[in-house]
2 protein chains.
Amino acid sequence: MSTTTGQRPMRADARRNYERLLAEAKVSFREHGADASLEEIARRAGVGIGTLYRHFPTRLALQEAVYRDEMDQLAAKAYELAETAPPEEGLAAWILTISEYACRKRGLTQTLKAVIDLHSETFIRCHEDIERAAGTVLTRAQEAGTARPDLRPRDVLRLAHALSVASERAPEDTELLLSFIMDGLRPRP
Amino acid sequence: MSTTTGQRPMRADARRNYERLLAEAKVSFREHGADASLEEIARRAGVGIGTLYRHFPTRLALQEAVYRDEMDQLAAKAYELAETAPPEEGLAAWILTISEYACRKRGLTQTLKAVIDLHSETFIRCHEDIERAAGTVLTRAQEAGTARPDLRPRDVLRLAHALSVASERAPEDTELLLSFIMDGLRPRP
DNA sequence: TGCCAACCGGAGGCTACCTCCGTATTGTTG
DNA sequence: CAACAATACGGAGGTAGCCTCCGGTTGGCA
């Protein structure tokens with residue numbers, strides 16, 4: 001636990017507030033995501049905003065503390081099961097615990113996903129446009145006999161994406177990689 | 001283009017401001033990510049904040065417009081190449097264009113990644129803790145002869161993760177899935 | 001030129017961020 | 001148990017961003 005500075009133990013009131021803040025932060029982050037209002041967390045913990053900032057100088061510090069606490073809980077559950085449950089049952093129970101935790105975490109992002117999905121027609125439209133554009137360049141190369149006839153526009157896009165990933169760390173090799181790709185696109189003689 | 005309402009064409013000043021906003025938004029989002037200040041975008045475009053909100057009622061609307069514009073540019077490049085460059089060269093050039101765009105986009109997130117990496121010791125520590133915890137439950141099951149001896153703690157964690165993914169849409173099947181997993185963990189007779 | 005619909009700008013009310021310092025609480029020592 | 005550091009608290013206050021609303025301005029058309 002990081003409720004001690006590594007030196008003297010925290011004063012009683014300090015420790016109490018630290019724990020309240022952590023508990024409220026956990027709830028708020030769950031409800032509103034990583035952008036939850038720090039002032040509201042302090043408010044709900046019945047604590048001044050200054051106190052929050054003293055214990056957690058940074059939003060990231062608070063997020064880390066919450067994360068760390070959740071991990072501690074999962075670990076504690078394992079040790080508890082190892083002592084109280086029959087071996088196989090214990091293992092199964094713990095796997096279930098972890099799985100549920102992961103589900104809950106993933107659920108969080110779905111609020112954001114819903115917003116994006118709502119507007120996804122834009123993305124669909126854009127994708128269609130780009131495929132059409134890819135089609136014109138590709139068709140022309142195919143008609144000139146320099147590209148395999150079975151290539152589809154989406155293949156071109158995927159290759160471009162692959163190239164961007166491959167050449168990210170070594171931009172000086174981009175040209176070489178591109179030449180490999182272009183070789184691969186040519187019809188077999 | 002969405003610079004028309006689908007009805008009458010925009011007034012000259014409206015169109016001018018729309019385009020300035022779009023240009024500045026592109027720069028700001030590139031520099032500061034999706035959380036860039038809308039007021040600063042308006043300021044840099046030399047336009048009142050009200051004007052920004054009239055054209056783009058929502059942060060998402062502005063982001064979508066920027067995205068759409070970038071896609072239009074990529075598509076335009078394809079049509080241009082199809083008319084001016086030899087077929088094969090045109091195809092290669094376009095693949096390169098797309099690849100570079102994807103690289104630039106990916107570079108954006110690295111600012112955020114740097115922050116996270118900086119604090120990644122926390123995550124490493126947590127991961128170690130959890131593996132240790134997994135170890136205790138697993139070892140016990142192995143000693144009791146109900147789990148294969150070649151299982152490692154990380155395998156347990158991965159299975160738990162897989163279970164969470166698999167059971168997300170059908171929580172009622174979780175128990176059944178778990179029983180499959182547990183069967184798989186048992187030593188071969 | 002004159003008119004009106006379309007458009008502009010930014011003040012204003014709100015919330016959140018983060019800092020700073022006077023005040024209050026704790027626990028330790030005589 | 002009293003008194004005093006050391007420690008911790010709280011929230012005012014200055015800044016900035018969000019978004020709305022409306023009096024004033026401008027462009028385009030007759």
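The values are calculated or read from the model by the stated rules, or taken from the named source; none is laboratory data. Being a predicted model, the structure only gives us computed values, none of them experimental. Note: ideal-geometry Cβ built from the backbone for every residue, glycine included; neighbour counts use all protein chains shown. The accessibility values were calculated without ligands, DNA or RNA, using every heavy atom of the protein model including side chains. Shrake-Rupley method; radii C 1.70, N 1.55, O 1.52, S 1.80 Å.
Just a few scattered comments:
- Accessible surface of chain B [probe 1.4 Å, protein heavy atoms]: carbon and sulfur percent: 55 percent
- Dipole magnitude of the protein assembly as shown, debye to nearest 20 (Cβ charges: Lys/Arg +1, Asp/Glu -1, about Cα centre): 820 debye
- Protein heavy-atom accessible area occluded, B/A pair - total, 1.4 Å probe, Å²: 5500 Å²
- Note: chain B, Cα convex hull, 244 Å³ per residue.
- Note: the range B:12-118, Cα convex hull, 108 Å³ per residue.
- Mean separation of Cα contacts under 8 Å, 6 or more apart, over the residue count of chain B: relative contact order %: 13 percent
- Projecting the Cα atoms of A:TYR18, B:ALA85, B:ALA34 onto the charge dipole of the protein assembly as shown, computed from C-beta unit charges around the Cα centre, puts A:TYR18 farthest toward the positive end.
- Fully extended contour minus Cα-Cα distance, from A:ILE124 to A:ARG54, at 0.36 nm per residue: 20.5 nm
- A protection proxy built from the mean count of other Cβ atoms within 10 Å ranks the segments A:33-39, B:128-134, most packed first, as B:128-134, A:33-39.
- For the protein assembly as shown, fraction of C-alpha pairs farther apart than 41 Å, in %: 38 percent
- Separation of the A:ALA170 and A:ARG16 label points, Cα + 7 Å toward Cβ, nm: 6.2 nm
- Working note: Karplus 6.51/-1.76/1.60 with θ = phi - 60° gives the range A:27-39 the couplings 5, 5, 5, 5, 7, 10, x, 5, 9, 3, 6, 5, 5 Hz, where Gly and Pro are set to x.
- Between B:ALA162 and A:GLU80, the simple spin-label model (points 7 angstrom out along Cα→Cβ) gives 2.8 nm.
- Per residue, the accessible area of chain A comes to 60 Å², computed with a 1.4 Å probe over protein heavy atoms only.
- Label-point separation, A:GLU40 to B:ASP72 (7 Å along Cα→Cβ), nm: 3.7 nm
- Inter-chain Cβ neighbour count for B:173-180, averaged per residue, equals 2 (cutoff 10 Å, partner chain atoms only).
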